[in-house]
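Below: one structure, written as structure tokens.
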Amino acid sequence: MGDPSDAQELPEKILKRELYQFARRRKTDYPYNDNLEVDVLIVGAGFGGTYLLYEMRKAGFKTVLYEAGTSFGGTWRWNVYPGARVDSEVPIYQLGIPEVYKTWTWTTNYPDYHELQAYFDHVDKVCDLSKDCAFESVVISSEFDTNSGKWTVKTADGRTAKCKYLIIAAGFAAKRYIPDYPSMEKFKGIMHHSSFWPTEGVNANGKRVAIIGTGASGVQMIQEWGPTAEHLTVFQRTPNLALPMGKRDLTKAEQEQLYPAYDDLMRMRECNFAGFTYDFEERNTFEDTPEEREAVYERLWKKAGFAIWLGSHKDYLFDMKANRCVYDFWQKKQAPRVKNPEKRALLIPEEPPHAFGIKRPCLEQNYFEVLDRDNVTIVDISEKGGNKIEEFTETGIKTSDGKHHEFDIIALATGFDITTGGMTNMGLKSINGTTLQDEWKKAAYTYLGTTISGYPNMFHLYGPQGPTLLANGPTAVEVQGRWIRDAIKLIDRNGFKYVNPTQEASQKWKTRINELSDMTLLPTTRSTYMGGSVPGKAFEAVNYTGGIPEYIKEIRAVLPSFKGFETVKA
């Protein structure tokens, strides 16, 4: 993790890699005080942490939230790179808190980070949350004492807090991943990771720009910078099987008309596989004739967004032949958008680079047209292509084909140590003397995707082995958040000192996660659903792939008896 003590002395030129580099003690009084004692301490102020602060306070628990960023919003405070925008549609991409959603309107069905930050400010104001939050607070160690039944939590700036319940709401993308390219420090131009982007922005107009990576942040930056940069070079490892976003303006009037239906919408999103308000077709692919299939795909394509991904025939994510039908349709739709045949072969290949939909597709507006521009170069750094980034120089990047590419700005859209990285990076220590970082090196183990054996009274959400990356974020966090709230209320009511999931229950849950994943095509490629792309990281299923309704049934079945937990009376 590096030495947190040098957090204040870093010159701005250094490429920020770690959260502790942002730590700062704002005040010395509550909730920034030393030796803070609370019932519940939450780490992270994205959707999950914000929702649980609201719920735990309402349930009567003294609760404080520590957040590394400067305010609420989690990913939407950090991801302020050019073009950063949500890929789940509103109104279902928001918290189901009536006093919040009935006093808020959006300008578009796919808001950008500016609007999401304003939304979180609104949540904060309506629910009066800030008074119990310590911002720029980075947790570096946490340890549970079985005698006192309390967690001791330390921050990078030297504070200590004690709590009975610890909730980790770090989300799936709290740990940035920056590949260790040789001599990165040599580069004299501007360089940032997309998720540690400076709030004041970076002006790329008329500049020579590089974007490394074509995941969600890469796609959005390419769209934004391609038209205005002197030259944009995109380093692509895998083509992004992106889908049209279908972004449109929303009026205040049309949203207000929908308010009476919001309660039902919020409930409805929990009845569908991925937490949206639509689901897969009830038929299998080959029950339909080719013409009928085409009609289904056309209808979903017109809907735009994730419709064709999460509304297609129910077998296409399980059966390679069925999957190929969807890929061929996608290829046929997107290919005409790229006129340059060499670029088209790289971006929209006739043979699929992997099964369609087993990596979360990105939503785009004019991605393919921008990449087709004359001032945009695509450098293929796939294994198959054989070319790779060799080293960074003072003025740019050298590739193994001997070329030197000159840049003023380099954007690292290289993603995250996905799903597990946020939790393994905050110094969590088990009651057996081991650390989570070491325990999860080979594979991640949780129970229910909300608790971990050896970490009593600790809960997490929107992380490993929950529906996380296969779901609409707010849906997933509310389902898990309510379960965490209810479990804590039961521990309290039963007079337990702590509950600790058994290793046997965790083993069973791991088996269940693998069984569900192995039925699908997900294990056929390395992706965020299979542990992510950080070198040396375990190739394993990290999400619950049975869908939201099934997940609710499974986690609810263990309450109120705490099946699978060791319970210890006070």
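Quick notes on this structure:
- Of the trypsin sites (Lys or Arg not before Pro) found in segment 221-266, those in coil by DSSP whose Cβ has at most 14 other Cβ atoms within 10 Å are R248.
- Using the Cβ of L232 as centre and a radius below 15 Å, the other residues enclosed give a net charge of -3, where K and R count +1 and D and E count -1.
- Each of V338, V123, V153 has some number of other Cβ atoms within 10 Å of its Cβ, and from fewest to most they run V338, V123, V153.
- Per-residue Karplus couplings for segment 204-211, computed as 6.51 cos²θ - 1.76 cosθ + 1.60 with θ equal to phi - 60°, are listed in order as 9, 4, x, 9, 8, 10, 10, 10 Hz, Gly and Pro entered as x.
- Along the chain, longest interval not containing exposed GluC sites (Glu not before Pro), exposed being DSSP loop plus at most 14 other Cβ atoms within 10 Å: 13-199
- Relative contact order of segment 272-356: 27 percent, from C-alpha pairs under 8 Å at least 6 residues apart in sequence.
- Of all aspartates and glutamates in the structure, the ones whose alpha carbon falls short of 13 Å from that of K125, not counting any fewer than 8 places away in one chain, are E99.
- Within-12-Å neighbourhood charge of Q331 [Cβ basis; K, R +1; D, E -1]: +2
- Net charge over other residues, Cβ less than 10 angstrom from the Cβ of C163 (K, R count +1; D, E count -1): +2
- Modelled label positions at K339 and K302, each set 7 Å beyond Cα in the direction of Cβ, lie 2.9 nm from each other.
- Magnitude of the charge dipole for the chain, about its Cα centre and with charges confined to Cβ atoms of Lys, Arg (+1) and Asp, Glu (-1), is about 880 debye.
- Restriction of the trypsin sites (Lys or Arg not before Pro) in segment 330-371 to DSSP coil positions whose beta-carbon has at most 13 other beta-carbons within 10 angstrom yields K339.
- Set of aspartates and glutamates near K154 by C-alpha distance (under 18 Å), chain-local residues within fewer than 8 positions excluded: D3, D6, E18, D29, D34, E37, D39, E67, D132, E136, E143, D145
- Longest to shortest principal axis, alpha-carbon extents of the chain, angstrom: 70, 60, 50
- Which listed pairs, of K162/K429; K343/K384; K58/K489; K321/K510, have C-alpha distances above 19 Å, in listed order: K321/K510
- Overall form of segment 372-415 per C-alpha gyration tensor (a/c, 1.5; a/b vs b/c): rounded
Computed from the coordinates by the stated procedures, all read-outs in this text should not be read as laboratory data. Since the structure is predicted, the reported quantities are computational estimates derived from the model, not experimental observations. Every residue, glycine among them, receives a Cβ derived from its backbone with ideal geometry; neighbour counts consider all protein chains shown.
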